[in-house]
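Q: Quick one: structure below, then a few questions.
Coordinate-derived values only; no laboratory data. In this text the structure is predicted, and so the values were computed from the model without any measurement. Cβ: placed from backbone, ideal geometry, glycine included. Neighbour counts: every protein chain shown.
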Amino acid sequence: MVPVCRQWAVGLRRVVGPRPNPLWLSLSLLGFVLLSSCSSLDGSNVDASEVAWGSDATIPEPGSVRYRYEWDREGVVFSDEDKSWSVTTDLGYEVTVHSSYVVSASVQLSQCEEEETTLGSIWNALFGIATARAGHSSEYNPAAITTGVVERVNELKDIEAGTAEGLTERFCTVHYLVAAGDKETRELPESLQMVDRSLFFEGTWRAPNTDDHVPFTVDTALAWGLLKNLHAPGSFEVPDSELELELGEIGVLVVIKRRARALFDGVDFANLQQKVLPTRILSAFFDATEIGVLVSESND
């Protein structure tokens, strides 16, 4: 495996920002953003990792993208008696995960959009329907892995998503989707029907300063996705760290890393109605997800 410190340097380039706008146009756009309240200007929604990380998986041949679903197990206490684990959340709940499944339905790098004029990009931002809002493009993507796989969350085992080969395009974003399984989904369990289910969690929670372990079940077919710019491990969503990948002469390993210790952060079990628990769990699941790209060296 190529050392991580060298993997990021080849085949990548920082995304160049837009050309300077006329002052009046910049002020007008800023005013619209302030009024629309559609996004945060202070970066408060950014949840960047504190340290870089790697993967034990090998990077594929040039022109290929290998995808992996992996887990960060730090802060998790595993049971010696059964396949379960426990964690203490940011709200102080002790959560124990028993038999639980999630369907990682698809993952794909997406090609960079063509460069637009300043006025054109502003017009699309204000009045257009961006591809990101739909979650992914409807066009065929040779870099996509669309055969889903069931992950056993109570086991926290890393698993292969798939490899796309023969790629030469330039890629700028990555899309990861959790959605209901179908008959083609890999690793379907025999003990539970995961066709038409996206998430099934079974466990217990104990509130701070109490002794009661309360059972809970999350059973849903809801879909939830993530569409992000590309970053090296440890730089996820850090401003000005976006990367572009030229796939002609490099191989790429894309790791979807989930921090198990944070899967239930922000979930106030004692004060939530059962009907809203699936959306809160899915939201926390994706808040605990970080995607990193590792790149091989060029043959030059």
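Q: Multiply the residue gap between residue 241 and residue 168 by 0.36 nm, knock off their C-alpha separation, and tell me the result in nm, one decimal place. Mind dumping the intermediate values first?
A: Details: separation 73, 0.36 × 73 = 26.28 nm, distance 2.27 nm.
In short, 24.0 nm is gained.
Q: Once you have the Cα-Cα distance between residue 265 and residue 146, take 0.36 nm times their residue separation minus that, and quote the gain in nm to one decimal.
A: Gain on stretching residue 265 to residue 146: 40.0 nm.
Q: How much FRET efficiency would the formula 1/(1 + (r/R0)^6) give for residue 58 and residue 214, where r is the Cβ-Cβ distance and R0 is 35 Å, rounded to 0.05?
A: It comes to 0.20.
Q: If r is the Cβ-Cβ distance from residue 90 to residue 286 and R0 is 22 Å, what FRET efficiency results, to the nearest 0.05?
A: The formula returns an efficiency of 0.90 here.
Q: Suppose each label sits 7 Å from its Cα in the direction of the beta carbon; what would the residue 81-residue 275 distance come out to in nanometres?
A: My value for the distance between the label points is 3.6 nm.
Q: Here's something else I'd like to know. Does the stretch 55-94 come out rounded, prolate or oblate by the C-alpha gyration tensor, with a ≥ b ≥ c the root eigenvalues, rounded set by a/c under 1.5 and, if not, prolate when a/b is larger than b/c and oblate if not? Before the final figure, lay out the partial values.
A: Working: a/c = 4.58, a/b = 2.45, b/c = 1.87.
Cα axes put the stretch 55-94 in the prolate bin.
Q: Are there GluC sites (Glu not before Pro) in the stretch 149-226 that DSSP marks as loop and that have at most 12 other Cβ atoms within 10 Å, and which are they?
A: For GluC sites (Glu not before Pro) across the stretch 149-226 that sit outside H, G, I, E and B with at most 12 neighbouring Cβ atoms in 10 Å, the list reads 184, 190.
Q: Run the quick spin-label model on residue 74 and residue 249: label points 7 Å from Cα toward the beta carbon, then report their separation in nm to one decimal.
A: With each label point 7 Å from Cα toward Cβ, the separation is 3.6 nm.
Q: Right, here's the next one. Based on other C-beta atoms within 10 Å, arrange 101, 140, 69 from fewest to most.
A: Ascending number of Cβ neighbours within 10 Å: 140, 69, 101.
Q: Kindly provide the trypsin sites (Lys or Arg not before Pro) of the stretch 143-193 that DSSP labels as loop, not H, G, I, E or B, and whose Cβ sees at most 15 other Cβ atoms within 10 Å.
A: 157, 183
Q: Run the simple label-point estimate for residue 186 and residue 223 please: 7 Å along Cα→C-beta, distance reported in nm.
A: 2.1 nm
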